[in-house]
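Heads up, the thing below is written out as structure tokens.
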Amino acid sequence: MLGVELASLVERASTEISAASDLETLAEVERTFVGKKGELVALKKTLGGLEPEERKAAGQALNEAMGQVAGQVNERRSVLAASAEAAQLAGERLDLTEVMSDMQRGHAHLVTQARDRLEDVFVGMGFTVAEGPEVESAWYNFEALNIPEWHPARGSFDTIFVELGEPEQVMLRSHTSPVQIRTMETEKPPIYIVAPGRTFRTDTADATHLPAFNQIEGLVVDRGVGLGDLAGTIESFVGAFFGHEVKTRLRPSYFPFTEPSAEFDISTPDGGWLELGGCGVVHPNVLANCGIDPEEFQGFAFGFGIDRLAVMRYQLDDIRELVNNDVRFLRQF
Ligand code: DAH
């Protein structure tokens, strides 16, 4: 008799528990069935009228039923609590988009923007981006680039040396050209890379110089490439970066690591020319220094200052603006 009654009671409880849609309703269901004045407790009171043997079995069944109902209540409670919390969080969420739109958002420094754009342009032309260390040895910064110790060009680099080991053997790189050597030492041709990065010289900062500045180096090593490919590459890059109305020209020049060497200029709207950087056909000695056979492979290279490029592009009148870090200035770009 009690068994039947219990079973239907547990079933009813379980239906009501799953139907409870909030914590309050659930608490009430709990009170109804397992509370002090609940139905199961009420059944317990009827146990007194039973024979001892029967009472024991019935008591056990009743306890089991209470445990079962309490368990179901707890399970349901955690489900409801979790969704109540989620609802509360959703309700308390603040929409900050309106506040944000009034605030100045940070952005990349204009030199970083120029560097990123340059990388994009060259990657679009099939180049990959290479990097090298800012502290270099004389081999990478000079010797392998066909600038031996006695070479007068060595003096023109105004190199900042690091006091480490033999004098004048360790230095802050004075150009990004050492990355050419590092790349040719570790990669086999065909090589198509650009290497942007920081470079250093003993220059005192003035309107057109910074002691720490940025260059980007380009290097191509392949079969049958020459000056025409160099000129075409410079023209394509300048067109993509400055716009196709801007023209380029090469002027004969001298660098120890290229032969022939040139400086390249871009046209200005007023009919003049601005010098952008140096370039040339990679000197056979440089290829040989890196274990590349100059009879089989040829190359061309170029390098120029990124900061100077930013100065030209944004028509700044002092390159030091780039490092003063005045946000009122930087914000404009
Ligand atoms: N490294 C040179 C400098 O800093 C620039 C340069 C000239 C790089 C000719 C080149 C090149 O790759 O071919 O003055």
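The values are calculated or read from the model by the stated rules, or taken from the named source; none is laboratory data. None of these values were measured; they are calculated from a predicted model. For neighbour counting, all protein chains shown are included, and Cβ atoms are generated from backbone atoms with ideal geometry for every residue, glycine included. The area values use the complete protein model at the heavy-atom level, side chains included, leaving out ligands, DNA and RNA. Shrake-Rupley method; radii C 1.70, N 1.55, O 1.52, S 1.80 Å.
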Calculated SAXS-style log₁₀ I(q)/I(0) at q = 0.10, 0.14, 0.15 Å⁻¹ - region 2-99, Debye, Cα scatterers: -0.38, -0.59, -0.65
Dipole size in debye (nearest 20) for region 110-330 around its Cα centre, Lys and Arg Cβ +1, Asp and Glu Cβ -1? 380
Expressed as a rounded percentage, what relative contact order does region 119-227 have, with Cα pairs under 8 Å and six or more residues apart? 28
Percent breakdown of C-alpha pair distances by 20 Å bin, ordered from the shortest bin, for the chain: 24, 31, 9, 14, 18, 4
Taking the Cα centre of region 234-303 as the origin, how large is its charge dipole in debye, to the nearest 20, when only Lys and Arg (+1) and Asp and Glu (-1) carry charge on their Cβ atoms? 160
Along region 237-250, what does the Karplus equation 6.51 cos²θ - 1.76 cosθ + 1.60 (θ = phi - 60°) give for ³J(HN,Hα), rounded to whole Hz, x for Gly and Pro? 5, 4, x, 5, 8, 9, x, 6, 6, 7, 9, 10, 8, 9
ARG77-VAL4 FRET efficiency (beta carbon distance; Förster radius 41 Å; 0.05 resolution): 0.90
Against the longest alpha carbon principal axis of the chain, how many degrees, from 0 to 90 and to the nearest 10, is the axis of helix 2-19 turned? 30
How far is helix 23-34 tilted off the main Cα axis of the chain, in degrees rounded to 10, range 0 to 90? 30
Alpha-carbon centroids, region 1-79 and region 192-238: separation in whole Å: 83
Please determine, in degrees from 0 to 90 and to the nearest 10, the orientation of helix 110-124 with respect to the longest principal axis defined by the Cα atoms of the chain, where the helix direction is its Cα long axis. 80
Of all accessible heavy-atom area on region 229-303, the percent that carbon and sulfur account for (1.4 Å): 52
Suppose R0 equals 25 Å. What FRET efficiency, 1/(1 + (r/R0)^6) with r the Cβ-Cβ distance, do GLU98 and ARG328 give to the nearest 0.05? 0.50
Once every DSSP H run of n ≥ 4 in the chain is given -39500 (n - 2.57) and the sum is divided by its residues, what mean residue ellipticity at 222 nm do you get, rounded to the nearest 500 deg cm²/dmol? -14000 deg cm²/dmol
From most to least accessible, 1.4 Å probe, no ligand or DNA/RNA atoms counted, SER253, SER8 line up as SER8, SER253
Tell me, in nm to one decimal, what length is gained between HIS151 and GLN169 on full extension, where the rule is 0.36 nm per residue of separation less the Cα-Cα distance? 5.0 nm
Could you tally the net charge around GLU149, taking each other residue with its Cβ under 14 Å from the Cβ of GLU149, Lys/Arg +1 and Asp/Glu -1? -2
Accessible area expressed per residue, region 110-330, with surrounding protein chains retained (probe 1.4 Å, Å²): 47
Give the carbon-plus-sulfur fraction of the accessible surface of region 1-93 in %, rounded to a whole number; probe 1.4 Å, heavy atoms of protein chains only. 54
Can you give the relative contact order of the chain as a percent, counting alpha carbon pairs under 8 Å and 6+ residues apart? 14
Efficiency of FRET between HIS107 and ALA288 - r from beta-carbon atoms, R0 56 angstrom, step 0.05: 0.80
Answer with one residue from ALA231, VAL327, PRO148: the one whose Cα lies farthest towards the positive end of the charge dipole of the chain, charges on Cβ with Lys, Arg +1 and Asp, Glu -1. VAL327
